[in-house]
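Participant: Please see the structure below; I have some questions.
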Amino acid sequence: MTTGFGPGFGPGFGLGLRTQHYNDFIAEPQPVDWLEVISDNYMVDGGKPLAMLDQIRANYPMVMHGVSMSIGSINGLDKEYLRKLKILEQRVEPMWVSDHLCWSGVHGRNLHDLLPLPYTQEALQVVTRNVEQAQEVLQRPLALENVSSYVEYEMSEMTEWEFLAEVVQATGCQLLLDINNIYVSAFNHDFSPTSFIEGVPLDSVAQFHLAGHLNNGDHLIDTHDHPVCDDVWDLYRQALLHFGYVPTMIERDDNIPSLPELIDELNVARGIADDVLNTKIAL
Amino acid sequence: MPVTYMKLAELQNDFQRALFDTECKGADWISESARGLSARKRLDIYYNAYRLRLVDVLLDTFEHTAIYLGDDWFNQIAMEYVQSHPSTYKNIGLYGKDFPGFLAKQLPLDKEVSELALMDWKLRRAFDGADSCVMTLEDLQLLAGNEGFRLHTVPTLTTCTQHFNSLEIWNAINQDQTPPVVEQLPESIDILIWRKGHSPHFRSLAKIESAAIACVCAGNTLGDTRGATLESIGTVLEKDFPDVDVATEFGVMLHRWLDDEILSATSDM
């Protein structure tokens, strides 16, 4: 399970672990360098989810990716959630822990969505406070993912990438750049995805996500139920040229294909990275 | 107040309120500059996603109930539940906690529906409930001389009471068969639900076994009750089932409980 890059190119290429593929990963070694688990799915008391997690973790490095921290909530973070996340982090010993730059509800309500923040100094203070709290509990930097968005706010004072750069500067957190999300938001809000990539601090990116989306003509929806499209592969090339090697994974959450099919798609990412980075080295 | 001076708290309150509203009305704090998409259409994406996501969770959690009701009826009731029950859970899987009770109120003439839903719910909760060491025959034999000890059930164990042939209906649906016509039972039955290995299990209970399990859960001791505030299990069963050879019956039950893995290795004196 190695990449074509040699030891200088880090952890390699991963997939999101999904229940449909538990048996594949248990039955025999798969050509996947690491797995990303949705933290929330394993913040349970026991049973099959944790048993499968432990069994598969024994053979694969893992990263943890959460969907419910609500790092941009004005109310601050849920301490019980953080406590359970820390317990899981100690169990999994992941390479890194990520969640989304978003908010998911206030005043004890949960919208179960990744709602975008306004990019204001006030929101920056809230996010900074919350990231620091999470990092204090986790005792490690958090990686924040850019979300796909369908609204922008009149009150925003800066771009999303400027906001991300400010959060990194203020907290020392890392970034999980979702290349598909950049593409979706750029389309929906008519900004340049290249500006986004070039606006993010160079050394802050811990991981790339690649995924598919749904094209509704006048807007795109981040559905994770399609293969990665050509435009997103092109943006991935740009990102590799800009950032160099970054651990990359395919994120598929619906209409999940067989593991061999996903591995084929992951191999496309390997091939592109091999091509771009070897060309870059040669230059 | 001009939107440029809007505070984050106001925005998050307004956004959340907009998603909980009975219809999506749009908002003046959303920028409409790109692609000519209206604020209403942009907000609509989140408004619909919130509802679809929660209805999907209910469909997944209450699979047998949904098949019994059919897609249209289930979706209609699920949407009503979503509209009237904002989620308070970090774990989206817990969102259906009040759905069986909601069904009982919404469908007062079809009580079997809420019984099916409660069974779906309890089986799902058993799936990822807490682990524990299961009591073996050897564990039990080691404690056999100490009549005052208490048995403990595994943490996933629970029961529910059914007044209709809901268990038969659930089983038929589970086997892709046409469910039987609903019938009220002459006498209610208790269903035992727990996890064995990785799989949720269930079975109906005879009255005496139901009473015995209730005693175990309540902390009644197995034998000698000196110093205990509760009567022993044997004493309770002998009072409630005077025509039964309780000692023999309880021995049979204990063996079955060990086979079913419903007893935890945790015990105390």
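The values are calculated or read from the model by the stated rules, or taken from the named source; none is laboratory data. Quick caveat: nothing in here was measured; it's all calculated off a predicted structure. So basically every Cβ, Gly included, is an ideal-geometry build from the backbone, and we count neighbours across all protein chains shown. Only protein heavy atoms, including side chains, enter the accessible area calculation; ligands, DNA and RNA are left aside. Shrake-Rupley method; radii C 1.70, N 1.55, O 1.52, S 1.80 Å.
Every residue, every condition in (1) closer than 30 Å to residue A:81 by Cα; (2) open to solvent by 20 Å² or more (accessible area, probe 1.4 Å); (3) part of a loop (DSSP other than H, G, I, E, B); (4) within 11 Å of another protein chain (Cβ to nearest Cβ), yes or no:
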| site | (1), (2), (3), (4) |
| --- | --- |
| B:55 | yes, no, no, no |
| B:60 | yes, yes, no, no |
| B:67 | no, yes, no, no |
| B:72 | no, yes, no, no |
| B:77 | no, no, no, no |
| B:81 | yes, no, no, no |
| B:87 | yes, no, yes, yes |
| B:90 | yes, yes, yes, yes |
| B:95 | yes, no, no, yes |
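Participant: Which residue out of B:83, B:141, B:76 is in contact (Cβ under 8 Å) with a residue 24 or more places away in the chain and not aromatic (Phe, Trp, Tyr)?
Facilitator: Only one candidate passes the filter, namely B:83.
Participant: Residue pairs, Cβ under 7 Å, 6 or more apart or interchain, first in region A:45-68 and farther than 30 Å from residue A:146 by Cβ, second in a strand (DSSP E or B). List them.
Facilitator: From region A:45-68, the pairs are A:47/B:195.
Participant: Considering only region A:112-132, I want to know if a residue exists there that is open to solvent by 10 Å² or more (accessible area, probe 1.4 Å), closer than 20 Å to residue B:53 by Cα, over 16 Å from the mean Cα position of the chain (by Cα) and modelled with pLDDT of 95 or more.
Facilitator: yes
Participant: Hey, another quick one. So, in region B:126-145, of the ones that are within 14 Å of chain A (Cβ to nearest Cβ) and in a helix (DSSP H, G or I), which residue ends up farthest from residue B:231 (Cα to Cα)?
Facilitator: If we take residues in region B:126-145 being within 14 Å of chain A (Cβ to nearest Cβ) and in a helix (DSSP H, G or I), then B:127 is farthest from residue B:231 (Cα to Cα).
Participant: Are any residues in region B:104-134 open to solvent by less than 40 Å² (accessible area, probe 1.4 Å) and farther than 19 Å from residue B:202 by Cβ, and if so, which ones?
Facilitator: Those that are open to solvent by less than 40 Å² (accessible area, probe 1.4 Å) and farther than 19 Å from residue B:202 by Cβ: B:104, B:107.
Participant: For region A:48-81, name all the residues that are surrounded by fewer than 16 Cβ atoms within 10 Å (Cβ to Cβ) and part of a helix (DSSP H, G or I).
Facilitator: Those that are surrounded by fewer than 16 Cβ atoms within 10 Å (Cβ to Cβ) and part of a helix (DSSP H, G or I): A:51, A:54, A:55, A:79, A:80.
Participant: Show the residue pairs that are 6+ apart or on different chains and have beta-carbon atoms under 7 Å apart, the first residue being within region B:116-127 and farther than 16 Å from residue B:68 by Cβ, the second being open to solvent by less than 30 Å² (accessible area, probe 1.4 Å) and outside any helix (DSSP H, G or I).
Facilitator: As it stands, the answer is B:122/B:160; B:122/B:193; B:126/B:156; B:126/B:193; B:126/B:194; B:126/B:195; B:127/A:47; B:127/B:195, since those pairs meet every condition given.
Participant: Something else about it: Which pairs have Cβ atoms under 9 Å, sit 6 or more apart or on different chains, and link a residue in region A:18-37 that is at pLDDT 95 or above to one that is crowded, with 16+ Cβ neighbours inside 10 Å and among the basic types (Lys, Arg)?
Facilitator: Within 9 Å, the pairs are A:18/A:252; A:19/A:48; A:22/A:48; A:35/A:57; A:37/A:57.
Participant: So, residue A:228, is that one open to solvent by less than 20 Å² (accessible area, probe 1.4 Å), of a type outside the set (Phe, Trp, Tyr) and assigned to a helix (DSSP H, G or I) or not?
Facilitator: no
Participant: Further question on the same structure: Say whether the condition of being out of contact with any helix residue (DSSP H, G or I) (no Cβ under 7 Å at 6 or more places or on another chain), surrounded by 17 or more Cβ atoms within 10 Å (Cβ to Cβ) and either away from chain A (no Cβ under 14 Å) or farther than 19 Å from residue A:113 by Cα (or both) is met by at least one residue in region B:35-47.
Facilitator: Checking region B:35-47: at least one residue is out of contact with any helix residue (DSSP H, G or I) (no Cβ under 7 Å at 6 or more places or on another chain), surrounded by 17 or more Cβ atoms within 10 Å (Cβ to Cβ) and either away from chain A (no Cβ under 14 Å) or farther than 19 Å from residue A:113 by Cα (or both).
Participant: Looking at this structure, is residue B:118 over 25 Å from residue B:179 (Cα atoms), hydrophobic (A, V, I, L, M, F, W, C) and not in a loop (DSSP other than H, G, I, E, B)?
Facilitator: no
Participant: Sticking with this one: Please go through region B:146-188 and pick out each residue that is open to solvent by less than 70 Å² (accessible area, probe 1.4 Å), part of a loop (DSSP other than H, G, I, E, B) and more than 14 Å from chain A (Cβ to nearest Cβ).
Facilitator: Hits for region B:146-188 are B:146, B:148, B:149, B:165, B:179, B:180, B:182.
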